[in-house]
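These notes concern the structure reproduced below.
Quick note: the coordinates plus some simple rules give every number you see, no bench work behind them. This structure is a prediction, so every number in the text was calculated from the model and none was measured. Because the Cβ atoms are built from the backbone with ideal geometry, glycine has one as well, and the counts that use them run over all protein chains shown.
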Amino acid sequence: MPGPKTLLFVADPLEAFKIAKDTTFSMMREAQRRGHRIAACEPRHLVWRSGGPVQAMVRDIELTGGGPYDWFRETGSAMRALKEFDAVLMRKDPPFDPEYFYATHLLQQAERDGARVFNSPRALRDHPEKLAIMEFPQFVSPTLVTRDPEAVRRFHAEHGEIILKPLDGMGGMGIFRVGPDGLNLGSITETLNGQGTTTLMVQKFVPAIAQGDKRVLVIAGRPVPFSLARIPQGSEIRGNLAAGGKGVAQPLSARDLEIANALGPVLAARGLLLVGLDVIGDVLTEINVTSPTCFQEITQQTGFDVPAMFVDALEAALA
């Protein structure tokens, strides 16, 4: 690809990055290795004044190769229009709260100004990470989305052992398992649905969680050949790394490939350059689009260079 590009990462504060495992850091490192210039801002720095383009107070940075507290050097800062960058990468971690929602609207206006934004702001809004699986029922376990406690009770009576989760949770927060005895089902439902004011998701329990909640990365419609199985530890039912799960990289199974190959081109065509599919056993449980992770864990354990595959795809999109 001719010439270096200038890339703006919209992300969490740089000082909070845990570079030993951070995926956005690995993207930056690979991009800089290829000669691209790196800049960063936070969603709170986005500004849109009537009659003008969307701008942000941007930090130009260079990665130093240093440790966790001196991994970058700021080389300048200025208010700049997002359309001045060759690519804007939205890498703000969940939750998808009102401020994230508003940021997607500002980023969509930046697209109208002429910016190239990855993942597409519209696609981020159109694919809530829990609800997005409902478009692909052939790959999911029995699932119910409701705020009606009686519907939850009927679903439990039908399936015996279930998982309940909030639609806006992240990192395994707020996930409950209820066994055939229904112990605490009413209390858990009330907690999650806010006495009938909040919608929740209920799914048939998948015992294969014991072998891990697999993160299958899909880049520009193509699956990374290895997943990261997040395996629950001790008495936990949650495999999320944030909840103490152990990450073990492994080749994609035939079913993983089937799901990724079916969804990948569809999601890529909607502007989702990077997607993280969560698969337990043979079923799809979540479609992550906001800030998919696990690049470093897969690369370190298998030798497959996930950041290189991502930057290849980004360069191809900008060509």
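Give, to the nearest whole percent, the P(r) tail of region 126-168 beyond 16 angstrom, counting all Cα pairs.
Of all Cα-Cα pairs in region 126-168, 42 percent lie more than 16 Å apart.
Do any chymotrypsin sites (Phe, Trp or Tyr not before Pro) in region 9-99 lie in a loop, going by DSSP, with at most 13 other beta-carbon atoms within 10 Å of their beta carbon, and if so which?
Answer by residue number: TYR69.
Using only Cα atoms, what is the ratio of the radius of gyration of region 155-235 to 2.2 N^0.38 Å?
Normalised Rg, Cα atoms only: 1.30.
Please work out the C-alpha center-to-center distance from region 261-294 to region 1-63 and express it in whole Å.
About 23 Å separates the Cα centre of region 261-294 from the one of region 1-63.
Determine the shape class of region 189-239: with a ≥ b ≥ c the square roots of the Cα gyration tensor eigenvalues, call it rounded for a/c under 1.5, and otherwise prolate if a/b is greater than b/c, oblate otherwise.
oblate
Looking at region 168-309 from every direction and averaging, what is the projected area of its Cα convex hull in nm²?
9.3
Report Rg/Rh for region 6-119, rounded to two decimals, where Rg is the Cα radius of gyration and Rh the Kirkwood radius.
Over the Cα atoms of region 6-119, Rg/Rh equals 0.95.
Expressed as a fraction of 2.2 N^0.38 Å, the rule-of-thumb size for a compact globular protein of N residues, what is the C-alpha radius of gyration of region 43-92?
This ratio for region 43-92 stands at 1.35.
Helix 98-113 sits at what angle to the longest principal axis of the chain, using alpha carbons and giving 0 to 90 degrees rounded to 10?
The angle comes out near 40 degrees.
In whole Å, what three semi-axes, largest first, describe the equivalent ellipsoid of the chain built from its Cα gyration tensor (square root of 5 times each eigenvalue)?
For the chain, the semi-axes come out at 35, 22, 18 Å.
I need CYS294, CYS41 ordered by Cβ neighbour count within 10 Å, fewest first.
CYS41, CYS294
List the residues of region 280-300 whose backbone N lies under 12 Å from a point placed 7 Å from the Cα of SER253 along the Cα-to-Cβ direction.
Under cut-off, by backbone N: 280-284.
Shape of region 57-119 from its Cα gyration tensor (a ≥ b ≥ c, root eigenvalues): rounded if a/c is under 1.5, otherwise prolate when a/b > b/c, or oblate?
oblate
All other residues with a Cβ under 12 Å from the Cβ of ARG255 taken together, and with Lys, Arg as +1 and Asp, Glu as -1, what is their net charge?
Summing Lys/Arg as +1 and Asp/Glu as -1 gives -2.
Please find the FRET efficiency linking LEU63 to GLU190, where r is the Cβ-Cβ separation and R0 is fixed at 45 Å, and quote it to the nearest 0.05.
E between LEU63 and GLU190, to the nearest 0.05, is 0.40.
Can you tell me the orientation of helix 23-33 relative to the chain, as the angle in degrees between its alpha-carbon axis and the longest Cα principal axis, to the nearest 10?
With rounding to tens, the tilt is 30 degrees.
So if R0 is 25 Å, what FRET efficiency would ALA316 and VAL266 give, r being the distance between their Cβ atoms, rounded to the nearest 0.05?
Working from the Cβ atoms, E equals 0.85.
What's the exposure ranking of MET201, MET28, MET79, MET134, going from fewest to most Cβ atoms within 10 Å?
Neighbour counts put them in this order, fewest first: MET79, MET134, MET201, MET28.
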